[in-house]
Amino acid sequence: MDWIQHVQWPAMAATLLSAWLVAAQSRTRRKWGFWIFLLSNALWIVWGWHDHAYALIALQIGLAFLNVRGVAKNET
């Protein structure tokens, strides 16, 4: 089996974990949540590129910008 197909599972797990952390009241947990979201964005882009899922790639790029914004806003 093609190893890249397995990238979707850690991407999914990272997305769920980061959503949980971003909802936390702790600034530190939110910070980790946004960074893990960025990791999940990268993993989804890798998987999407391999599967020619260009709408998914565009979505992940947009979400990555929002996550960078979240990191910045969480610092203030």
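So which residues in the stretch 47-67 are surrounded by 15 or more Cβ atoms within 10 Å (Cβ to Cβ) and of a type in the set (A, V, I, L, M), if there are any at all?
Ala53, Leu56, Ile57, Leu59, Leu63, Ala64
In the stretch 33-58, what residues are free of Cβ contacts under 8 Å to residues at least 12 places away in the same chain and farther than 19 Å from Trp3 by Cβ?
Tyr54, Ala55, Ala58
Please go through the stretch 14-45 and give me each residue that is of a type in the set (Phe, Trp, Tyr), touching a helix residue (DSSP H, G or I) at 6+ places or on another chain (Cβ under 6 Å) and surrounded by fewer than 20 Cβ atoms within 10 Å (Cβ to Cβ), ordered by number.
Answer for the stretch 14-45, where residues must be of a type in the set (Phe, Trp, Tyr), touching a helix residue (DSSP H, G or I) at 6+ places or on another chain (Cβ under 6 Å) and surrounded by fewer than 20 Cβ atoms within 10 Å (Cβ to Cβ): just Trp32.
Throughout, read-outs are computed from the coordinates displayed, never taken from laboratory work. Remember, it's a predicted structure, so these values are computed and weren't measured experimentally. When we count neighbours, we look across all protein chains shown, and the Cβ atoms used for this are built from the backbone with ideal geometry, even at glycine.
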